[in-house]
Amino acid sequence: MPTAPSELAYIPFVSVENMMRLVHHFGIESVLLELTDAVENDYRRWELFEKSPRLASHSDQGVIELMPTSDGEAFSFKYVNGHPSNTAKGFQTVAAFGLLARVDTGYPLMLTEMTLLTALRTAATSAMAARHLAPANAEVMALIGNGAQAEFQALAMKAVIGIKEVRLFDIDPKATEKTARNLQNSGLRVVSCSNSQETIEGAQIVTTCTADKAYATILTDNMVGAGIHINAIGGDCPGKTELHKDILARADTSVEFEPQTRIEGEIQQMDATYPVTEFWKVLHGHAPGRSDARQITLFDSVGFAIEDFSALRYVFDKLKGTDFFQKIDILADPDDPRDLFGMLQRAA
Ligand SMILES: NC(=O)c1ccc[n+]([C@@H]2O[C@H](COP(=O)([O-])OP(=O)(O)OC[C@H]3O[C@@H](n4cnc5c(N)ncnc54)[C@H](O)[C@@H]3O)[C@@H](O)[C@H]2O)c1
């Protein structure tokens with residue numbers, strides 16, 4: 001009896017090493033551009049998707065989340081954590097992996113690392129929102145919080161929006177030095193700043209991507225002038241926000257999936273009647289994007305399962321004709337589907 005499984009048992013597994021090779025092979029800016037379009041295309045199909053707030057398991061240190069969705073043909077989920085105190089111990093704040101499956105048989109299609117992929121898809125989602133909400137011809141971006149997500153955010157805004165200057169600030173100067181070093185040959189003008197106020201001077205787009213398990217105030221109301229777009233990605237958990245609530249009172253706020261963002265986003269600080277627009281409605285023309293030059297737009301991003309679905313499908317398509325994966329026999333494959341025990345005996 002054969003001990004090796006048949007082809008049915010195998011799916012591609014994209015390790016961290018292979019994800020790095022894939023991104024360099026296609027080029028990070030072109031991956032970010034294509035991923036932005038992939039996420040936007042799925043947002044345009046919003047009504048087809050199964051949607052629910054993610055399942056979150058909270059602890060004193062952080063959160064572990066499962067993020068599932070399906071468009072009726074494919075199903076995906078991501079496992080992801082958020083532990084702001086991790087970096088002090090040498091661990092990352094955010095680490096993830098995910099799976100894409102077919103709906104008709106329920107069989108998995110691909111398993112992949114998603115720590116890098118989350119940084120890419122979060123940056124792509126930020127760029128998608130900025131494409132419709134930021135002032136036209138935005139050239140200067142402020143980036144507050146210079147950790148793991150930072151360079152991805154800057155490069156997506158460069159590739160998709162055409163940002164020319166990025167202004168950096170982090171409470172830890174070593175993080176800013178790291179980001180400035182990583183971006184030195186990116187073609188962006190990089191300006192390191194010593195506080196948030198200085199960072200946002202002249203910026204049309206302000207991205208906050210800090211990590212602190214607290215109601216933090218990265219931006220106060222007096223710092224925010226008319227006509228800017230705020231891309232807030234670090235407030236993504238109950239009790240974890242970045243903006244003073246007075247800014248929200250002046251801003252036109254877009255969200256991913258309202259029921260999830262009411263629990264996790266900046267808007268957890270506001271009462272349930274605070275008006276928000278689900279971003280897909282902007283794409284469908286059901287709601288205005290930026291309607292005047294003085295408007296303050298806010299994309300209150302927490303990260304939603306459809307963005308991971310888009311990223312998984314994107315990577316799955318990109319694998320074709322490459323060797324950026326290993327095959328793993330993740331599924332038991334009995335010769336007779338009902339003879340699972342008989343299959344076990346292959347290795348007896
Ligand atoms: N919205 C989404 O889809 C999404 C996706 C991924 C990560 N996130 C969130 O984005 C945030 C950043 O993630 P990361 O992986 O880059 O984390 P990280 O820990 O690598 O970096 C966070 C940085 O923020 C800095 N910081 C903390 N408080 C600050 C303050 N008051 N002012 C300035 N800088 C400050 C830290 O020094 C650190 O360098 C996290 O909160 C994470 O949960 C959101």
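Observations
- Gaussian network model of the chain, Cα within-10 Å springs - most flexible of Ala56, Ala203, Ala211: Ala56
- A cut-off under 11 angstrom between Cβ atoms defines the neighbours of Tyr10, and their net charge, with Lys, Arg +1 and Asp, Glu -1, is -2.
- Comparing mean-square fluctuations of Ile306, Ile163, Ile11 from a GNM of the chain with C-alpha springs under 10 Å, the top value falls on Ile11.
- Percentage, to the nearest whole number, of Cα pairs in the chain over 29 Å apart: 40
- The alpha carbon centroids of region 57-136 and region 1-33 are separated by 17 Å.
- Of Lys51/Lys327; Lys281/Lys318; Lys51/Lys158; Lys174/Lys245; Lys51/Lys281; Lys78/Lys318, those spanning more than 26 Å from alpha-carbon to alpha-carbon: Lys51/Lys327; Lys281/Lys318; Lys51/Lys158; Lys174/Lys245
- Protection proxy ranking of 60-67, 275-282, 297-304 - average other beta-carbon atoms within 10 Å, highest first: 297-304, 275-282, 60-67
- Hits among lysines - C-alpha to C-alpha of Lys164 under 22 Å, sequence gap 8 or more where chains match: Lys178
- Accessible area expressed per residue, the chain, with surrounding protein chains retained (probe 1.4 Å, Å²): 45
- Quarter of the Cα convex hull surface for region 1-91, i.e. its orientation-mean projected area (nm²): 10.5
- In terms of packing, defined here as the mean over residues of other Cβ atoms within 10 angstrom, the peptides 253-259, 131-137, 12-18 line up highest first as 253-259, 12-18, 131-137.
- Of His229, His244, His25, the residue with the greatest mean-square motion in the GNM of the chain, using alpha carbon springs below 10 Å, is His25.
- Using a probe radius of 1.4 angstrom, the carbon and sulfur fraction of the accessible surface of the chain is 54%.
- Between Leu331 and Tyr10, the distance separating the two model label sites (each 7 Å from Cα on the Cα→Cβ line) works out to 1.4 nm.
The values are calculated or read from the model by the stated rules, or taken from the named source; none is laboratory data. Here the structure is a predicted model, which means the values were calculated and not measured. Please note: Cβ atoms are built from the backbone with ideal geometry, for glycine as well, and neighbour counts cover all protein chains shown. Note: accessible area is taken over every heavy atom of the protein model, side chains too, but ligands, DNA and RNA are not part of it. Shrake-Rupley method; radii C 1.70, N 1.55, O 1.52, S 1.80 Å.
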